[in-house]
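Data block below; observations after.
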Protein chains: 4
Amino acid sequence: MEQVNVRWYVEDVSAHSCPVAVAGLPGVGHVGKLVVDHLIRALSAVKVAEITSTLFPPQMYLSEDSVLRLPRNEIFFVPETENHQPLLFLAGDCQSTTPEGHYTLAEAYLRVFDLLGVKRVYTLGGYGVGRMIEHPRVLSALSSSKLKEEVIAAGAVINPEEPVGGIIGAAGLLITLGRLHGMEGIALLGETSGYLVDPVSSTAVLDVLERLVHLHADRTELTDLAEQMMTDLAAAAASAVGPRPPDDLSYIG
Amino acid sequence: MEQVNVRWYVEDVSAHSCPVAVAGLPGVGHVGKLVVDHLIRALSAVKVAEITSTLFPPQMYLSEDSVLRLPRNEIFFVPETENHQPLLFLAGDCQSTTPEGHYTLAEAYLRVFDLLGVKRVYTLGGYGVGRMIEHPRVLSALSSSKLKEEVIAAGAVINPEEPVGGIIGAAGLLITLGRLHGMEGIALLGETSGYLVDPVSSTAVLDVLERLVHLHADRTELTDLAEQMMTDLAAAAASAVGPRPPDDLSYIG
Amino acid sequence: MEQVNVRWYVEDVSAHSCPVAVAGLPGVGHVGKLVVDHLIRALSAVKVAEITSTLFPPQMYLSEDSVLRLPRNEIFFVPETENHQPLLFLAGDCQSTTPEGHYTLAEAYLRVFDLLGVKRVYTLGGYGVGRMIEHPRVLSALSSSKLKEEVIAAGAVINPEEPVGGIIGAAGLLITLGRLHGMEGIALLGETSGYLVDPVSSTAVLDVLERLVHLHADRTELTDLAEQMMTDLAAAAASAVGPRPPDDLSYIG
Amino acid sequence: MEQVNVRWYVEDVSAHSCPVAVAGLPGVGHVGKLVVDHLIRALSAVKVAEITSTLFPPQMYLSEDSVLRLPRNEIFFVPETENHQPLLFLAGDCQSTTPEGHYTLAEAYLRVFDLLGVKRVYTLGGYGVGRMIEHPRVLSALSSSKLKEEVIAAGAVINPEEPVGGIIGAAGLLITLGRLHGMEGIALLGETSGYLVDPVSSTAVLDVLERLVHLHADRTELTDLAEQMMTDLAAAAASAVGPRPPDDLSYIG
């Protein structure tokens, strides 16, 4: 097994060429992962490639029928329709186990994006602020100041002081290393407590993303999760018992 | 010293060819290790190969006469008898010291298995549930859904929700990477508290394994350990003193 | 991306040749970083080269207009003037994420220094003493005992017992590995509590450095920071509330 | 800089050929380091080689005159005299920063030993037992059971149950990997609390070593340290104040 392994699921890569990719890997509040996993299902995206890596945790996942599989990141494709342009998605179980591995993996994703003709990358994630946020803002960071007006018009906030500490992991690296590949990059980070999986923040990020890529997908599933979260929190507050713990990811599915 | 070193203890590798391997390395509750170490002794298995590695901890072990040896994993062979088919065992002191090393070592074990003609791998381990379990279930995860009926018939439980978090380390990797080598794989994980070396859980795993490989070995030693554990726990409960601490492995031998 | 990447910002490297380099990377109390970042601004130093590395944390930084950039170390140049000799500066966001990476990065900096004709390296840093120090001493360590008189004359303290534990990271490695490159080296470490970003200690280090390199730069900015720190501490003592926490680096800019 | 660097301090390596090496690197209670550092001074041993490594901590040491140096391990030689056979010593500041690095460094030391004709290696260290020991035993572990009688006759204890957990780091690896180089190996571990630098335990180890290598060196320095330690401990017990803390290594010199 190589350090990074790409397995293609389509015969004709060029037929899945697409200028726009959206990445949502696990991270703070799973904000980005919730959005991308939701869109892949809502748009019936097709799997194009799978990345496995010795830089991922040595933790095997159960799929249906209790069949074990390697931890993986996946590339999905949605063709152009009346409602939206063609889109690629990067989704997955995990990020690197080491600091240096983050660079290696981001480069691997970008090489796949290069083969697929990607010219712009959106990275979705969360920005932990340490308290519950009812109406989360969506902070943005860019590969170039030329993109500033576009993201502000879509409802994101541009503030060089935020996120404090910058952006850690793939959500940041795909923007900075992507620029070296000639790609535009826009990071969208939803404010979130940092303690919970946060579909409310994901909904705010999805709002901005939809305006940017001219997409309108059914969002029943994500809205249901968000409503359930608000109900849970209200109940928790009423009973003075703490909220659902952060590692309870059971409703990601 | 290479990163992984295999030393053969037999001249004719092909004479020890065997379609079935059973792996039980140290892990949660030492459930898998207890079973495999027990079977190696009960069946008088013969050592076929030894793996040492710079990915193992730099901790040297004392053998009899206080002779020091490297930490190691070992492959043992039992020929076919009236009571069972031929079997290979993977046993050892330790697993990798790094996440990436788990992948490297699993690949090394599988290359040895390839040379020995292995077509099916059983991996044995524990699943920590955080409380004492009197009648542990044995959870199974598979390389293919085709194996489902067979393991259920042998008494294992198939539930894609369990173990929560999947399987970490060699017990999982030998199944997923083994599939890439064309091997069938069945993981058997006995429920265990996670706090103690647990021969009771090991006995439950052995029950399932014996049905799967049509084996019936003397199990006096393992039963004695399990009975002693139950007696110790009853005494600990009576005296309100905590049970034997988890790192006391002195009765593994 | 290579493990270490050097990007030159000038066409003619030899035109920026300079015998003296001053390094101030992040470390205890950010003492060295404050001095070097201050001098780069005060002397309007010109950027000569940028070092990025997979050994840096995978944390992307926001620059103005919320454009994301890789973590980096930078080399700046100031030509000779009436007030001082020509100078090079090594500044940056971070140091290595691994012990071995510290050696790799120090070697990379020294190769750049070799190309720029550097013959002497000053490294600036802090020495944490665990209590507030009103009048910090500046401890020095050397590449050769020949340099002893010079640094004592400039106001530094030479004591082989201090800093206890020696010097960790680039401030030490640039001296010891630099000697293998034929460079003289002088480390200047300002005493500091270790709990706060400490412009007071930086001012003491700058005093010694200015005498050694015959430099006199405007230091309004650094003095303002130091005065603000003393005011903050006095206020904190008066209100019995703890001082500004150590990770509040917001006034570094 | 290579991962491991050997610099020879003698022109004629073969003139320093010697069948016996004694290794005492930092470890539990600095028991082995105290003995070897003491013998190097007491016997006026000559430096033969120096090992530096990127696997050592990036921590630079101050020598006299505040000159900085890399962390290092050193090989010293003492020629044959009326009082003893010729001896080599391995001494130094540190061990590896990573588990895998321990294997790499042990192999590097053994390659140097090969060049110097070493046939037997003694490794000295401490065995932490978690309580103060007035009359420490010296436990031994071996490369071969043939050596058993010899070490027992010299006053060491052979017990396959001790040290519990085996031997970690160079003191163990030089024995196990040394056997692959055709060298005999004897580890001598003095019982020690594990909380303090322990010259009392070192004295016990030196007693056994001297019988094994037929050496009788002045031990005033080590005895003085041991007496001071006993006095300190008695005073600490009397004042009910804790003993000298474990990281106070100031009297190692």
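Worth pointing out:
- The conditions of being under 22 Å from residue D:37 (Cα atoms), more than 8 Å from chain B (Cβ to nearest Cβ) and at pLDDT 95 or above are met by residue D:188.
- Condition broken by residue B:174, with the remaining ones in (1) more than 20 Å from residue B:33 (Cα to Cα); (2) buried (at least 22 other Cβ atoms within 10 Å of the Cβ) satisfied: (1)
- Hits in the stretch C:1-19 (condition: closer than 19 Å to residue C:58 by Cα and open to solvent by less than 80 Å² (accessible area, probe 1.4 Å)): C:1, C:4, C:5, C:6
- Among the residues of the stretch B:197-207, none qualifies, meaning not one is among the charged types (D, E, K, R), at pLDDT 95 or above and surrounded by 22 or more Cβ atoms within 10 Å (Cβ to Cβ).
- Across the stretch D:30-48, the number of residues qualifying as touching a residue at least 60 places away in the same chain (Cβ under 8 Å) and either open to solvent by less than 10 Å² (accessible area, probe 1.4 Å) or of a type in the set (A, V, I, L, M) (or both) comes to 10.
- Inspection of the stretch D:123-133 finds a residue satisfying the criterion of being open to solvent by 20 Å² or more (accessible area, probe 1.4 Å) and within 23 Å of residue D:96 (Cβ to Cβ).
- The set of residues from the stretch D:89-122 being closer than 16 Å to residue D:188 by Cβ and crowded, with 23+ Cβ neighbours inside 10 Å comprises D:89, D:90, D:91, D:121, D:122.
- Filter pass, residue A:59 being among the polar types (S, T, N, Q), open to solvent by 30 Å² or more (accessible area, probe 1.4 Å), closer than 30 Å to residue A:128 by Cα and over 20 Å from the mean Cα position of the chain (by Cα): yes
- Listed by position, the strands (runs of 3 or more DSSP E) contained in the stretch B:13-84 that have at least 2 residues being away from chain D (no Cβ under 14 Å) are B:20-23, B:46-53, B:73-78.
- Subset of the stretch A:65-86 [free of Cβ contacts under 8 Å to residues at least 40 places away in the same chain and either under 17 Å from the mean Cα position of the chain (by Cα) or open to solvent by less than 30 Å² (accessible area, probe 1.4 Å) (or both)]: A:66, A:67, A:68, A:70, A:71, A:72, A:74, A:76, A:78
- Taking residues in the stretch A:170-183 that are more than 7 Å from chain C (Cβ to nearest Cβ), and partners anywhere that are of a type in the set (D, E, K, R) and surrounded by fewer than 23 Cβ atoms within 10 Å (Cβ to Cβ), the pairs with Cβ atoms closer than 7 Å and at least 6 places apart or on different chains are A:181/A:114; A:183/A:119; A:183/A:120.
- Residue C:91 fulfils the conditions (1) over 18 Å from residue C:199 (Cα atoms); (2) away from every other protein chain (no Cβ under 14 Å); (3) in contact with a helix residue (DSSP H, G or I) (Cβ under 7 Å, 6 or more places away or on another chain) except for a single criterion, (1).
- Checked against the criterion of being facing chain A (nearest Cβ under 8 Å) and more than 19 Å from residue A:67 (Cα to Cα), the candidates B:107, B:134 yield just one match: B:107.
- Residue A:163 falls short on exactly one of the conditions (1) open to solvent by less than 10 Å² (accessible area, probe 1.4 Å); (2) modelled with pLDDT of 95 or more; (3) touching a strand residue (DSSP E or B) at 6+ places or on another chain (Cβ under 8 Å), and that condition is (2).
The values are calculated or read from the model by the stated rules, or taken from the named source; none is laboratory data. Bear in mind that the values here come from a model prediction, so they are computed numbers and not experimental data. Don't worry about glycine lacking a Cβ; one is built from the backbone with ideal geometry, like all the others, and counts go over all protein chains shown. Areas reflect the complete protein model, heavy atoms only, side chains present, ligands, DNA and RNA absent. Shrake-Rupley method; radii C 1.70, N 1.55, O 1.52, S 1.80 Å.
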